[in-house]
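In what follows, a structure is listed as structure tokens, so that the remarks can point back to it.
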């Protein structure tokens with residue numbers, strides 16, 4: 001009986017639903033993470049409303065959406081997601097929205113991702129070159145939605161900014177001697193940074209690709225050994241995760257090891273140096289140079 | 001009025017409403033027995049205890065439902081073993097198996113080398129991502145639970161209120177017990193993957209407990225619990241839409257808040273009378 005009432009009310013509701021969406025003329029793009037939000041804003045400029053799902057400082061791996069946000073996903077002209085399994089807790093919702101006809105663009109699979117295990121590393125945004133390419137991808141998709149605005153010029157300008165940023169990062173990192181270019185990360189998030197700037201990842205605190213795994217004591221003991229052997233001076237933790245395990249690993253090592261929080265999963269708070277993708281990349285480079293240089 | 005109808009313009013909200021309501025009905029039927037017989041802790045343990053089965057199913061690539069049921073059987077057998085072979089009360093066995101199974105689950109998850117398949121997404125569904133396929137499964141689950149609940153109603157009733165006498169009456173309490181555990185497992189396994197762990201626990205215990213505050217007879221309690229459960233899903237979806245709160249979690253919190261509201265009203269209204277107690 002309850003079902004019948006439910007079904008009836010659904011009919012009534014769907015019947016009176018559509019007008020409101022029709023009055024909404026402006027384009028809207030929904031971005032899953034703060035990083036993608038900033039990228040999209042740089043491509044679409046003031047012509048488009050950009051909504052970001054995962055709040056600043058939250059971990060994109062385990063963020064769950066509200067109904068309001070899923071509605072935004074369904075209404076949006078375009079949804080830009082990272083993909084490759086980054087948005088683990090949003091996967092269900094994004095897949096369902098796509099089946100309902102939402103226009104979901106996953107950027108990471110299009111950016112020559114680095115293989116990890118049986119899949120690919122989703123943390124593409126720590127490479128400015130790949131993000132410049134992502135800007136072009138978003139511009140192409142926007143052109144398909146509304147050809148009256150020149151999205152690709154904006155994307156090119158942003159790509160140039162990212163290229164300048166890339167050179168700045170290279171010069172910031174010059175202070176790091178070649179034999180110190182070794183990283184110990186909190187989770188497997190620095191793969192692209194390491195590949196682009198010639199660093200080697202010698203260990204991670206959290207095993208597996210996700211932030212949701214937990215390390216074994218033998219893995220941690222091995223990590224302590226590696227850090228001591230290689231004379232590593234810093235463990236790079238993340239602003240989106242607690243760094244208690246990283247801190248206890250650091251305390252276990254016989255020499256002084258710093259735990260440095262990098263901006264990996266999210267941009268920094270507005271007003272901080274890392275409140276844009278470019279600011280975030282430069283801040284990270286400075287933090288890494290400061291710790292290893 | 002539009003404030004109430006606007007959230008349901010979207011197909012995903014309509015599927016969430018239907019999927020959530022089916023789960024609410026299935027869980028109200030088994031949850032009533034859970035509340036009457038004081039098995040909430042077992043329910044909680046089962047929700048987490050099936051995690052290693054599902055993780056294993058994903059790692060070895062077989063049906064997750066089978067994995068979940070296998071894990072539930074292992075867990076119930078373990079609890080039964082502790083109960084029979086020691087003098088400990090049942091919750092000790094449940095506690096041991098709860099932690100043991102969940103621990104094995106986390107070990108398995110930590111061994112997944114990559115993002116492919118995204119284990120956590122499969123493990124813990126989100127009611128806002130319910131698909132038509134999920135709804136079909138839920139219809140089946142709710143249907144089986146409804147039929148078995150009606151067929152075995154007298155068995156469950158005797159088991160709940162006078163286990164000793166059950167044998168004398170010619171009922172088979174062990175059969176009834178096994179059937180009830182099977183139904184609870186089915187309700188939990190069948191719905192938690194599609195609507196999320198939190199929502200299953202909220203719907204399993206919240207609505208039946210609230211119903212037990214206001215009505216006494218078991219069938220009426222079940223219907224009341226189902227209505228409260230469905231209302232909680234509706235209210236949760238509206239709140240999540242307007243106040244931008246996580247969907248499954250909001251729906252899980254609504255019946256719990258409702259319980260305390262009803263309890264307070266009942267206590268205020270019946271201050272002259274006796275305090276509220278759960279039957280059984």
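The values are calculated or read from the model by the stated rules, or taken from the named source; none is laboratory data. Please read all numbers here as calculations on a predicted model, not as lab measurements. A quick note on method: Cβ atoms are made from the backbone with ideal geometry, for glycine too, and the neighbour counts reach across all protein chains shown.
A few notes on this one:
- Residue in the stretch B:130-149 that is in a helix (DSSP H, G or I), in contact with a helix residue (DSSP H, G or I) (Cβ under 6 Å, 6 or more places away or on another chain) and at pLDDT below 80 present: no
Every residue, every condition in (1) within 25 Å of residue A:102 (Cα to Cα); (2) in contact with a strand residue (DSSP E or B) (Cβ under 9 Å, 6 or more places away or on another chain); (3) at pLDDT 90 or above; (4) facing chain A (nearest Cβ under 10 Å), yes or no:
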residue: B:6; (1), (2), (3), (4): yes, no, no, yes
residue: B:22; (1), (2), (3), (4): no, no, yes, yes
residue: B:29; (1), (2), (3), (4): no, no, yes, no
residue: B:40; (1), (2), (3), (4): no, no, no, no
residue: B:48; (1), (2), (3), (4): no, no, no, no
residue: B:52; (1), (2), (3), (4): no, no, no, no
residue: B:56; (1), (2), (3), (4): no, no, no, no
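- Check on residue B:78, in a helix (DSSP H, G or I), on the phi < 0 side of the Ramachandran plot and within 14 Å of another protein chain (Cβ to nearest Cβ): no
- Residue in the stretch A:16-37 that is closer than 19 Å to residue A:149 by Cβ, modelled with pLDDT of 85 or more, surrounded by 15 or more Cβ atoms within 10 Å (Cβ to Cβ) and within 14 Å of chain B (Cβ to nearest Cβ) present: yes
- Conditions (1) part of a helix (DSSP H, G or I); (2) closer than 30 Å to residue B:19 by Cβ; number of the one not met by residue A:101: (1)
- Scan the stretch B:165-177 for residues that are out of contact with any helix residue (DSSP H, G or I) (no Cβ under 9 Å at 6 or more places or on another chain) and at negative phi and the total you get is 2.
- Taking the criterion of being farther than 23 Å from residue A:111 by Cα and in contact (Cβ under 8 Å) with a residue 24 or more places away in the chain, the residues of the stretch A:184-204 that qualify are A:184, A:186, A:202, A:203.
- Of the residues A:110, A:105, A:126, the single one that is more than 8 Å from chain B (Cβ to nearest Cβ) and surrounded by fewer than 19 Cβ atoms within 10 Å (Cβ to Cβ) is A:110.
- Test: residue in the stretch A:50-67 that is outside the structural domain of residue A:277 (by TED's automatic domain parsing), in a helix (DSSP H, G or I) and touching a residue at least 24 places away in the same chain (Cβ under 8 Å): no
- Matching option when the condition is more than 14 Å from chain A (Cβ to nearest Cβ) and surrounded by fewer than 20 Cβ atoms within 10 Å (Cβ to Cβ), among B:178, B:212, B:235: B:178
- Number of residues in the stretch A:52-61 that are surrounded by fewer than 19 Cβ atoms within 10 Å (Cβ to Cβ), over 14 Å from residue A:280 (Cβ atoms) and either away from chain B (no Cβ under 14 Å) or more than 11 Å from the chain's Cα centre (by Cα) (or both) equals 1.
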